[in-house]
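The values are calculated or read from the model by the stated rules, or taken from the named source; none is laboratory data. Note that the structure is a prediction, hence the values are computed from the model and not measured. All Cβ positions, even for glycine, are placed from backbone atoms using ideal geometry, and neighbour counts span all protein chains on display.
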Protein chains: 2
Amino acid sequence: MPLPEKALISRIASKAKSPALTTRPRGTTDFQKGGTRSRVAGLQRGIGDDCAVLRLPRGHEALVTTDFSLEGVHFRRERHSAESVGHRCLARGLSDIAAMGGEPVAAFLSLAVPERLPQRWVDQFLRGFLALAKKFSVPLAGGDTAQSPAGVLADIVILGSVPAGTAVLRSGARPGDKLYVTGQLGASALVLSRFMAGRTKISERRNAAHFFPMPRIPAGRALREEGIASAMIDISDGLSTDLGHLCQESRVGARIYAEQLPVTGGRANLRFALHGGEDYELLFSAHGIVPKSIAGVPIACIGEITRRRKIVLIQGGKERALPAGGWEHFSSRKR
Amino acid sequence: MPLPEKALISRIASKAKSPALTTRPRGTTDFQKGGTRSRVAGLQRGIGDDCAVLRLPRGHEALVTTDFSLEGVHFRRERHSAESVGHRCLARGLSDIAAMGGEPVAAFLSLAVPERLPQRWVDQFLRGFLALAKKFSVPLAGGDTAQSPAGVLADIVILGSVPAGTAVLRSGARPGDKLYVTGQLGASALVLSRFMAGRTKISERRNAAHFFPMPRIPAGRALREEGIASAMIDISDGLSTDLGHLCQESRVGARIYAEQLPVTGGRANLRFALHGGEDYELLFSAHGIVPKSIAGVPIACIGEITRRRKIVLIQGGKERALPAGGWEHFSSRKR
């Protein structure tokens, strides 16, 4: 490919040159459990071969997730800085690992950019991407690059791991379990609503929940390790939609109390908390005692799992159906 | 997302409903070595959760590869049937696994399609994709779907496995090793050249090397198991380019004999064999005895590894430099 591909590969490779990306001597058959070191040591061979070669901790299963970040669909270059786009691209994948209670092992980035995109944009994208990767000690272990026929196209793949048989699935919720969320809801959609209302510039640093969301890896891990969560999902498509997924996989229903929802910016923003999407918080069910905060993140009890397979919202003492409608609703107006 | 995403997810999920995609009881800690069953049994949880959960055979390392298939870059809808596009999309990933001597464990497909793309196209794409997946017992274990702003965008991810420490890298070639390729070279570029010359319809079944290339999984596995290959790479970017990668990673040079190359359609097509790309054959180095065929695929000795770090072509007794130029050359005229 004329330029971008080669330039990108070397740029990705050189930027990503970290101890995590150098080849380890082969033949080592074990490495320490837990902590940062074991995860980084998992990468035997990164960029520069047909495949990356990775070793999982002994007794662990592999987790794999892939997520698109497409210009005009998931972000707009005039609204989001390249740094934010890179950060969000990786956050989408890491959040899925968090939702299983897993540890990220390595990231793979497929990135196609238009021929005329300034190299500076790619640099800033990688800066945002790699800053978040560093926070969780996730090496960029490979990927693909191409020239895009239209717009920036990114696809993030995360390989994670979890002790065999302990991944927290969506299907484990049982009637009587309480429902909880981490952090606050609706913050990302609130920013989006301002864009929709005509705002063109919004401070990225003061609205980190939208521009630099932090995947709940430590909270997800703690919820698994301590055996708290019976089922878990990340709220990337909106509470109503993702609660629908969890209930469907668990073959149950749910009752949500509007007054108990941790809504960003107060009651008036309830619809953002219910349907907004891209919050990257964790929604989980539990039947035992749940602490008020986990791994430094506040936890709110927002309802309970029911045998009746309907999802309802209780507001002002009245019950009404809560149809899934988060992502679809907002995305029709495009990010 | 209005329609395509949901339609696609259910279409992918329903099409992909196979024994390989059902959930296995958790807690099983071992499974048979080798053969189809163990690989399929590796999938603990597929489509329907935040991540797929997979168990690798005991003592195995993970292989991960990702490859774009973009409309207008890697294929054209007016030239390639949807079935061929789906097949080639998966073949790109499987070929990388073959080049490490690995076994495919599961495939993940990220697919974005324009709003007006007929559902029939997606169905045919999946038919081609899943027919090849079935051949190698690779379950479609997840992915992502989105509405594309322009053209069909696919990204294939393959998780593979290989006994720890045995992956055949690009970096193992040593001066004195001979160089070999599987099958024939230039067949794919020959088809491309006919398109470039103005042909609009070319029989897909009679030109399977281009439209339905068969990744060399069994040959790659045999070359690893029997300890034959010292270094290996797949020829997806053209012999000259991929030989360049192998030599660079091994810090060696190479001498290629034009008369020994297994050129599709005869000598006149030498340039396709040297620079054509998308052959998905394996190029490997070896220092011992190499059989005339492996796993039913003919093997040709095409040259040798040299200490001098240059890549040269011997033709009619004369030596000339062989610069990498396969993929770049052809792709500038677009597929």
Q. How many residues are touching a Phe, Trp or Tyr at 6+ places or on another chain (Cβ under 8 Å), β-branched (Val, Ile, Thr) and closer than 20 Å to residue A:173 by Cα if we restrict to segment A:247-302?
A. 3
Q. Mind checking which pairs have a first residue in segment A:82-97 that is in contact (Cβ under 8 Å) with a residue 12 or more places away in the chain and a second that is assigned to a helix (DSSP H, G or I) and of a type in the set (Asp, Glu), Cβ under 9 Å, 6 or more apart or different chains?
A. A:82/A:123
Q) From the residues in segment B:276-297 that are touching a residue at least 40 places away in the same chain (Cβ under 8 Å), among the hydrophobic types (A, V, I, L, M, F, W, C) and not in a strand (DSSP E or B), which one is farthest from residue B:188 (Cα to Cα)? A) B:290
Q: Scan segment B:151-183 for residues that are β-branched (Val, Ile, Thr), in the same structural domain as residue B:129 (by TED's automatic domain parsing) and touching a Pro at 6+ places or on another chain (Cβ under 8 Å) and jot them down.
A: B:152, B:158
Q. Considering segment A:99-129 alone, what residues qualify as being outside any strand (DSSP E or B) and hydrophobic (A, V, I, L, M, F, W, C)?
A. A:99, A:100, A:117, A:121, A:122, A:125, A:126, A:129
Q | Answer residue from segment B:191-223, given it is more than 13 Å from the chain's Cα centre (by Cα) and charged (D, E, K, R) and is nearest to residue B:296 (Cα to Cα) among those | A | B:221
Q: Could you tell me whether segment B:130-149 includes any residue that is more than 22 Å from residue A:64 (Cβ to Cβ), over 15 Å from the mean Cα position of the chain (by Cα) and in a loop (DSSP other than H, G, I, E, B)?
A: yes
Q | Test result for residue A:85, more than 8 Å from chain B (Cβ to nearest Cβ) and surrounded by 24 or more Cβ atoms within 10 Å (Cβ to Cβ) | A | yes
**Q.** Hits in segment B:143-164 (condition: within 24 Å of residue A:53 (Cβ to Cβ) and either buried (at least 21 other Cβ atoms within 10 Å of the Cβ) or more than 7 Å from chain A (Cβ to nearest Cβ) (or both))
**A.** B:143, B:155, B:156, B:157, B:158, B:159, B:160, B:161, B:162, B:163
Q. Only one of (1) over 25 Å from residue B:299 (Cβ atoms); (2) touching a His at 6+ places or on another chain (Cβ under 8 Å); (3) β-branched (Val, Ile, Thr) fails for residue B:156. Which number is that?
A. (2)
Q.
So residue B:170 passes all but one of these: (1) over 28 Å from residue A:113 (Cβ atoms); (2) within 14 Å of another protein chain (Cβ to nearest Cβ). Which condition number does it fail?
A. (1)
Q) In segment B:232-254, how many residues are touching a Leu at 6+ places or on another chain (Cβ under 8 Å) and either among the hydroxyl-bearing types (Ser, Thr, Tyr) or buried (at least 24 other Cβ atoms within 10 Å of the Cβ) (or both)? A) 11
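Where in segment B:187-253 are there helices (runs of 4 or more DSSP H), lying wholly inside it, with at least 1 residues that are touching a residue at least 60 places away in the same chain (Cβ under 8 Å) and within 14 Å of chain A (Cβ to nearest Cβ)? First the steps, then the outcome.
Values: elements: B:187-196, B:208-211, B:217-225, B:239-250.
Qualifying helices (runs of 4 or more DSSP H): B:217-225, B:239-250.
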**Q.** Residue satisfying condition, being at pLDDT below 95, facing another protein chain (nearest Cβ under 9 Å) and within 30 Å of residue A:115 (Cα to Cα), within set B:48, B:59, B:27, B:72
**A.** B:72
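More than 26 Å from residue A:67 (Cα to Cα), at pLDDT below 95 and in contact with a helix residue (DSSP H, G or I) (Cβ under 8 Å, 6 or more places away or on another chain): does that describe residue A:296? Working first, answer last.
Details: more than 26 Å from residue A:67 (Cα to Cα): yes; at pLDDT below 95: no; in contact with a helix residue (DSSP H, G or I) (Cβ under 8 Å, 6 or more places away or on another chain): yes.
No.
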Q: Residues being in contact with a Lys or Arg (Cβ under 9 Å, 6 or more places away or on another chain) and either surrounded by 24 or more Cβ atoms within 10 Å (Cβ to Cβ) or within 14 Å of chain B (Cβ to nearest Cβ) (or both): count how many of those fall in segment A:95-124.
A: 10
Q: Examine segment A:284-292 for a residue that is buried (at least 23 other Cβ atoms within 10 Å of the Cβ) and hydroxyl-bearing (Ser, Thr, Tyr), and state whether such a residue exists.
A: yes
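Collect the residues in segment B:209-233 that are among the small types (Gly, Ala, Ser) and either touching a Lys or Arg at 6+ places or on another chain (Cβ under 6 Å) or at pLDDT below 95 (or both), keeping them in residue-number order. Steps first, answer last, please.
Taking segment B:209-233 and keeping what is among the small types (Gly, Ala, Ser), we get B:209, B:219-220, B:222, B:227, B:229-231.
Answer for segment B:209-233, where residues must be among the small types (Gly, Ala, Ser) and either touching a Lys or Arg at 6+ places or on another chain (Cβ under 6 Å) or at pLDDT below 95 (or both): B:209, B:231.
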Q | Tally, over segment B:158-184, of residues that are assigned to a strand (DSSP E or B) and in contact with a Gly (Cβ under 7 Å, 6 or more places away or on another chain) | A | 6
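Table: residues versus (1) in a strand (DSSP E or B); (2) in contact with a helix residue (DSSP H, G or I) (Cβ under 6 Å, 6 or more places away or on another chain); (3) basic (Lys, Arg).
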site: A:256; (1), (2), (3): yes, no, no
site: A:274; (1), (2), (3): no, yes, no
site: A:305; (1), (2), (3): yes, no, no
site: A:323; (1), (2), (3): no, no, no
